[in-house]
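**Student:** The structure under discussion is supplied below as structure tokens; questions concerning it will follow.
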Amino acid sequence: MTDSTAATRRTVLAAAIATAATAAVVPSAVASPLVAAPATPRNVRRRRGGSTVDYHAWTSATDWRSGTGRGTRVAAGRRPGIAIAAPAGTVDHTDPHTDRTATWEYATWTSPVHRLPVPASELVASWNAHTPAGTWIRIEMRGTYTDGTDTPWYTLGVWASGDEDIRRTSVDDQGDGKSSVWTDTFAIDDTDTGPRLAAYRLRATLHRAPGTDATPTVWRLGAMGSDVPARFEVPATEPGVAAGVELNVPRYSQNIHIGQYPEYDNGGEAWCSPTSSQMIIEYWGRKPSAEDLAWVDSSYADPQVCHAARFTYDYQYSGCGNWPFNTAYAATYHDMQGIVTRLDSLADAERLVRAGIPLITSQSFLEAELDGAGYGTAGHLMTVIGFTKDGDVIANDPAADSNEAVRRVYQRRQFENIWLRTKRYDANGRVRSGTGGICYILFPARPAPSQHRVLRELGIC
């Protein structure tokens with residue numbers, strides 16, 4: 001999104017919650033609370049050079065067997081996952097965006113407790129799943145604080161790849177006085193005096209229409225916990241391994257879609273996230289079929305961007321910028337997967353680009369803070385596709401008036417600061433939040449060995 005005011009929706013981590021959404025109550029998959037985790041010393045360091053970022057996921061058959069299932073089975077094959085075996089029960093769900101009430105069969109899978117190497121102030125979950133017609137999933141998290149108490153079960157997403165059975169949605173008004181959920185982000189309320197998140201478990205509840213044998217399949221379920229320090233400035237880095245490397249990523253402008261399908265966040269002017277996602281999906285050789293695009297007005301250019309906007313749209317957030325909804329959308333394409341995480345520096349981004357993996361970054365800035373952009377924004381997504389020989393960032397920035405104008409070169413120092421900082425000043429001199437290195441990474445289910453090695457070294461695979 002390239003909205004300089006961002007008056008009513010969350011474009012960075014600390015924005016206001018909107019109207020409450022009604023959530024169906026699903027019986028608990030695990031009767032006992034999390035095992036209380038003792039406080040971890042704040043000087044604990046991760047293997048990657050003292051990073052406070054931890055991404056952890058369950059993806060293998062062994063991972064799925066390590067959790068607790070009620071009515072689920074491990075679906076074997078090239079992409080192991082969890083699916084419904086025999087339903088654990090039924091639940092009535094009222095969709096807050098259609099007011100339709102329906103009865104659904106459900107089954108649950110709950111992960112083992114994952115202890116964070118460094119207690120976290122924020123957590124963002126992401127998932128990859130197949131949800132055929134008549135099915136949907138709910139993703140939840142329950143954590144243990146460093147003071148030994150537990151959070152409630154927080155809903156981090158109600159999701160389906162389509163929009164006919166339920167409307168995919170985040171859930172507002174979730175909090176316990178120590179933490180809150182802001183659209184797609186769990187956040188500690190008071191990072192100065194409050195406890196941190198020491199451990200968590202995730203729960204996936206799989207739903208289907210009663211009496212059918214349809215089932216969702218969840219292939220990847222993970223979360224990124226982090227405790228990025230408060231900072232207006234980040235250390236400068238020198239050009240690294242990707243200097244002079246540029247990936248051949250398709251270029252799509254969000255602005256040519258202004259006014260199209262305003263029911264999805266007012267049209268293209270707010271479609272930076274799905275436009276960026278679509279560029280990277282097509283870089284990997286995937287795209288929607290003609291049948292998929294049949295609903296789009298045939299006079300519109302690049303109908304796949306309209307398609308991406310519709311199928312990433314969060315009906316509670318009233319926008320297409322829900323981070324895990326974008327990575328889940330990418331994973332609906334054949335043998336694709338996607339995650340939300342943080343990187344610590346442009347050096348990490350260079351390692352990905354050098355391996356042939358572009359990334360999507362989230363940042364906010366004043367026009368004067370990023371030369372060549374021509375705009376300021378309270379929150380915007382763009383793709384990093386390469387680096388010049390001098391180490392400046394080559395970005396496919398969807399905030400352009402044509403596809404040809406999407407490719408930009410941004411000064412390295414300016415780009416790394418607006419992306420990695422956690423605090424900034426707005427045009428009125430007020431302190432606002434920055435995204436602290438948030439990014440989407442979309443990649444094949446079976447990356448090349450060199451790509452797998454870099455992803456593993458960055459804590460992703």
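**Student:** Please specify each residue of the stretch 151-178 satisfying the condition of being not hydrophobic (A, V, I, L, M, F, W, C) and not in a loop (DSSP other than H, G, I, E, B).
**Tutor:** The answer is Tyr154, Thr155, Gly157, Thr169, Gln174, Gly175.
**Student:** Considering only the stretch 168-203, how many residues are buried (at least 21 other Cβ atoms within 10 Å of the Cβ) and hydroxyl-bearing (Ser, Thr, Tyr)?
**Tutor:** 6
**Student:** Could you grab me the full set of residues in the stretch 59-94 that are of a type in the set (S, T, N, Q), under 26 Å from the mean Cα position of the chain (by Cα) and either part of a loop (DSSP other than H, G, I, E, B) or over 21 Å from Gln337 (Cα atoms) (or both)?
**Tutor:** Start the filter on the stretch 59-94 by keeping residues that are of a type in the set (S, T, N, Q), which leaves 59-60, 62, 66, 68, 72, 90, 94.
After this cut, where a residue has to be under 26 Å from the mean Cα position of the chain (by Cα) as well, the list is 59-60, 62, 66, 68, 72, 94.
Selection gives Thr59, Ser60, Ser66, Thr68, Thr72, Thr94.
**Student:** Could I ask something else about it? Could you please give the count of residues in the stretch 417-447 that are surrounded by 13 or more Cβ atoms within 10 Å (Cβ to Cβ) and either farther than 30 Å from Tyr375 by Cα or of a type outside the set (Gly, Ala, Ser) (or both)?
**Tutor:** 20
**Student:** Something else now. Go through the stretch 426-452 and give me each residue that's of a type outside the set (S, T, N, Q) and without any contact (Cβ under 8 Å) to a residue 60 or more places away in the chain.
**Tutor:** Our first condition is that a residue be of a type outside the set (S, T, N, Q); within the stretch 426-452, this holds for 426-427, 429-432, 434, 436-449, 452.
Passing the criteria: Gly429, Arg430, Val431, Pro449, His452.
**Student:** So if I check each of Gly143, Gly148, which one is in contact (Cβ under 8 Å) with a residue 60 or more places away in the chain and in a loop (DSSP other than H, G, I, E, B)?
**Tutor:** Gly148
Values in this text are rule-based calculations from the coordinates and carry no lab data. What you are looking at is a predicted structure, and each value in this text was computed from that prediction instead of being measured. Ideal geometry is used to build each Cβ from the backbone, glycine not excepted, and the neighbour counts take in all protein chains shown.
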